[in-house]
Amino acid sequence: MIFRSFAGKIWIVIVAWVFLVLLIFGGILAKSTHDFYYGYSAEESEELNNTASSLATRLAALPDIQAARADFSLLDMVLNYDLVATDINGHVLLATNQMRNWYNYIMPASDMAILRRGGHIAFSGNDPYETHPILKVAYPIRKNGKIIGAVFVIEPMTYLEAVGRSVKDSIGWGLTLSFLFALPLGLFVARRVANPVVEMDRAIKDIATGNYNRLLPLSSTDELSSLGQSVNTLSTEIRLNLREIAHERQLLANILASIGDGVLSLAPNQEIVMANRVAMEQFGPNAPQPAGKDLSASAPGGECALRLNDLPENLQSLLLQSLLDAVPRKGDFQSGNRVFQVETTPLTMDQECGGTVAVWHDVTKERRLDEMRREFVSDVSHELRTPLSYLQGYSEALLDEVITDKSQKRRYLETILQETLRLRSLVNELLDLSRIEFDGSRGLPHEQVSVPHVLSLIKAQTETAAQEKRVRLTLDLPPDLPPVDCDTDRLEQIILNLLDNALRFSPLGSEIVLSCRTGHGWVEISVQDRGPGIPAEERDSIWNRFDRGGRTQASDTGTGLGLAIVRSLVQAYGGEVALTSELGRGSTFSVRLPVFSLS
C-alpha cells in the first residue's frame, strides 16, 4: 500500500498542507469577496438612502404626488435603480422602469406598517417578493405632519450577485484544479524525497545481510546526500575492515594449520569452538581411536566436530580447571605411547572468562632423551665402577706392598692394564657413538664400497679368534653384489662389531655364517650364530647402550656399546638393522644398506 510507504506518508503530508493552504487562501478570497459585496452594498445603500430622503422631501412639497410624474419619467432615463411612490396603503402611484409594471404592484404590508409609524426602511438581501437580491430604501412622505404615502428606492443586485458568483466559481475551480494538480506533483515530490531514503534503507539492509558492494548514487549536496555519503563510507569501511579481518583470520588459520602443535579453544559452555589440524588429526572423528571407543560424541554436526569427551582425561581436567578458575595451567597428558606438554590460557573479557585456549606439543622425544640420559649416566657409572674398583684395589695393594710375590704382582699389573684398556675402549666407543649420533650422516664419509672385499678382509682378521673358540666362519655371497653407499672403515666397524658379538656368544665347535642378499636398491648383510638366542621381550632393547640382552657371561668383557654403534652407523647411512632369534638355536643380526648411486 502506498499509504504505508515512506513516500506515501510524505505525499499525504504534502497534499494535506496544500489542501490546508488552498483552504486558507480560499477562505481569504471568500472573505474578501464578502467584504467587497457588503461594502459595496453599504455604500450603495447610503446613496439610495439619500436619494429616497430627498425624493420624499420633494414629493411632500408638491401639491400632489402625481405632479412628479414628469420628474419620474426623466429619472427613469438616467438612474440604474427603480423609484416607486405609493399612497398610504402601498398602492403604486408613480414608478420608473415601466418594464416592471409597478402600477399593478402593492408594497408589502409589513413595510407600509413601518412607514405609517414614521419609520424608514433600509434592506439588503433577498426579498420574499423578489426573485433576486435587492437594496431597498423607503421613507414616508410627510405633508403637513401627516403621512400621505411613501417613497421606495429599489436597486436590483443582479450584477453584483453575478460578479460574486463568478468570483466564487473562479475561486472554487481554482482551488479544485490546484488541489488536483497538487496530487501528482505531491507524489512526484514525495518520491523524489523518499527515493534516497528508500535506497539508503536498501543499502543498510544489504549491509546487514553482508552485501557491502552496494553504493548509493549521489546527485545533490543536501542533507540526504550527506547521509548517503555517510552510508557509502560506512559500507566501504566495513568491507575493508571485514576484508582485513578475513585476511587476518586466514593468516591465523594458516599459522594454526601449519604449526606442529595442537591448538583448541573451549567456550564457556564447554564446547570446543576451534581446533587446528594437529588437534583434529590426534583426537578428531577420523583420528585413530582406541579399541571400543564410541565415535558418536565426535560425529560432525556443529562448527567443530571435536568434542570435549574426545580428549584425554588429563587434558579435559586442565581445560575445565582453567575455564572455572580463569587461571593459566600447565601440565602433561598421555595419548597412546606419546607424552604431550600442554599450556592453557583463559580468555578474559570485561573481567569475565570467555573461554580458554590450550596449546600442546609432543615432548615424547625429550622425555625419552631425558630418560635415556639418566639411564646412560647410570649405565656409564655402573660400567666404570667395576674397572675403577679393580684399579683402585690392585693399585692400593701394590702401593701398600701387601703383595710380595713377583708372579702375583705381575698378575695384578696385568689386571690393571686390562681394565685400563677396557676403560679406554669404553671411552673411545662412547665418544665415537656420541659423535655419530650428534653429526649423523653429515660427519661420515661416503664412497663406493665392495661388500665381498670387506667381508673377505674381516674373515681373514677374525680367523685366528674363531679358531681359538673352534668356531667355523663361512661366507655365503651371491655373485655380482652391487657396491653399497658407505665407508670402508665404517663398514668394517659394523661387521666386526656384529662378528665379535657372535663369537662371544657362540658355543665351541659351532658355525658363524656371513651372508648377503640384494633387493631393490639395497644390500642386506647378515651374521648368523648358533648361540643361546635372545628372549623375545629383550630383542627391542638389545640395540640400546650397555644392554647385553641377559646373555652376559663371566668371561664377557664387552662394553655393551657395540650394537648401539652398529645401529647408529647404519641409520646414519640411511639403512636399517634387524634381529631374528630363536632360543637355543641362535640369532641372526642383519644390516641393510643402500646401493651406491652416482646421483
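Only the coordinates and a few stated rules stand behind these numbers; no lab work does. Source: prediction; values computed, not measured. With ideal geometry, Cβ positions are generated from the backbone for all residues, glycine too; neighbour counts draw on all protein chains shown.
Run the simple label-point estimate for residue 596 and residue 163 please: 7 Å along Cα→C-beta, distance reported in nm.
The modelled label-to-label distance comes out at 13.8 nm.
What does the helix-only formula give at 222 nm for the chain: each DSSP H stretch with n ≥ 4 adding -39500 (n - 2.57), the total divided by the residues, and the result rounded to the nearest 500 deg cm²/dmol?
Numbers: 12 runs with 299 residues, N = 599.
So the calculated ellipticity at 222 nm is -17500 deg cm²/dmol.
Taking the Cα atoms only, what angle lies between the long axis of helix 69-78 and the longest principal axis of the chain, rounded to 10 degrees?
Long axis of 69-78 versus the principal axis of the chain: about 30 degrees.
Using R₀ = 41 Å, calculate the FRET efficiency as 1/(1 + (r/R₀)^6) where r is the Cβ-Cβ separation of residue 493 and residue 415; round to 0.05. Before the final figure, lay out each step's value.
Details: r = 28 Å, r/R0 = 0.67.
In this case the efficiency is close to 0.90.
What angle, in degrees between 0 and 90 and rounded to the nearest 10, separates the Cα long axis of helix 158-209 from the longest principal axis of the Cα atoms of the chain?
Relative to the chain, helix 158-209 is tipped by roughly 0 degrees.
In straight Cα distance, which lysines are under 28 Å from residue 146, not counting same-chain residues fewer than 8 positions off?
Qualifying lysines at Cα under 28 Å: 136.
Using label points projected 7 Å from each Cα along Cα→Cβ, tell me how many nm separate residue 180 and residue 317, to one decimal.
Modelled inter-label distance: 9.3 nm.
Once both axes come from the Cα atoms, what is the angle between helix 562-572 and the longest principal axis of the chain, in degrees from 0 to 90, rounded to 10?
Roughly 40 degrees, rounded to the nearest 10.
In region 492-520, which residues have a backbone nitrogen under 14 Å from the label point lying 7 Å from residue 476's Cα in the Cα-to-Cβ direction?
Label zone hits: 511-518.
Fully extended, how many nm does the chain gain between residue 191 and residue 258 (0.36 nm per residue separation, minus their Cα-Cα distance)?
Extra length available between residue 191 and residue 258 comes to 18.5 nm.
Under unit Cβ charges (Lys, Arg +1; Asp, Glu -1), what dipole magnitude, rounded to 20 debye, does region 444-594 have relative to its Cα centre? Can you show the working numbers first?
Numbers: 15 positive and 20 negative charges, 82 e Å.
Dipole size: approximately 400 debye.
What FRET efficiency comes out for the pair residue 444/residue 309, r = Cβ-Cβ distance, R0 = 51 Å, nearest 0.05?
Result of the calculation: an efficiency of 0.55.
In nm, what is the difference between 0.36 nm times the number of residues separating residue 28 and residue 397 and their Cα-Cα distance? Could the numbers behind the result be given before it?
Numbers: separation 369, 0.36 × 369 = 132.84 nm, distance 14.57 nm.
Extending this stretch completely gives an extra 118.3 nm.
Based on the Cβ-Cβ distance from residue 349 to residue 205, what FRET efficiency comes out when R0 is 35 Å, to the nearest 0.05? Walk me through the numbers on the way to the answer.
On the way: r = 30 Å, r/R0 = 0.85.
So the FRET efficiency works out to roughly 0.70.
Mind checking the full-extension length gain between residue 425 and residue 338? Use 0.36 nm per residue of separation minus the Cα-Cα distance, one decimal, nm. Each step should come with its number before you reach the end.
Numbers: separation 87, 0.36 × 87 = 31.32 nm, distance 3.58 nm.
Result for the pair: 27.7 nm of gain on full extension.
Note down the nm distance, to one decimal, between modelled labels 7 Å out along Cα→Cβ at residue 579 and at residue 147.
16.0
Give, rounded to the nearest 20 debye, the magnitude of the charge dipole that the chain has about its Cα centre when Lys and Arg contribute +1 at Cβ and Asp and Glu contribute -1 at Cβ. Each step should come with its number before you reach the end.
Values: 57 positive and 73 negative charges, 265 e Å.
That gives a dipole near 1280 debye.
Can you tell me the convex hull volume per residue for region 444-594, based on C-alpha atoms, in Å³ to the nearest whole number? Mind dumping the intermediate values first?
Details: hull volume 16.2 nm³, N = 151.
About 107 Å³ per residue, rounded to a whole number.
Picking from 516, 587, 457, whose Cα lies most toward the positive end of the charge dipole for region 444-594 (charges on Cβ: Lys, Arg +1; Asp, Glu -1)?
Value: 587.
For region 449-491, which trypsin sites (Lys or Arg not before Pro) pass both filters: DSSP loop (anything but H, G, I, E, B) and at most 12 other C-beta atoms within 10 Å?
Numbers: sites: 459, 469, 470, 472, 490; in loops: 469, 470.
Passing both the DSSP loop test and the Cβ count: 470.
Which residue, 56, 240, 229, has the largest displacement toward the positive end of the dipole of the chain when charges sit on each Cβ (Lys, Arg +1; Asp, Glu -1)?
Farthest towards the positive pole: 56.
Which values of log₁₀ I(q)/I(0), to two decimal places, follow from the Debye formula for the chain at q = 0.05, 0.06, 0.10 Å⁻¹ with a uniform point scatterer at every Cα?
Log-scaled intensity ratios, in q order: -0.58, -0.70, -1.08.
Taking neighbour Cβ counts within 10 Å as the exposure measure, how do 206, 222 sort from fewest upward?
Fewest to most other Cβ atoms nearby, the residues stand as 222, 206.
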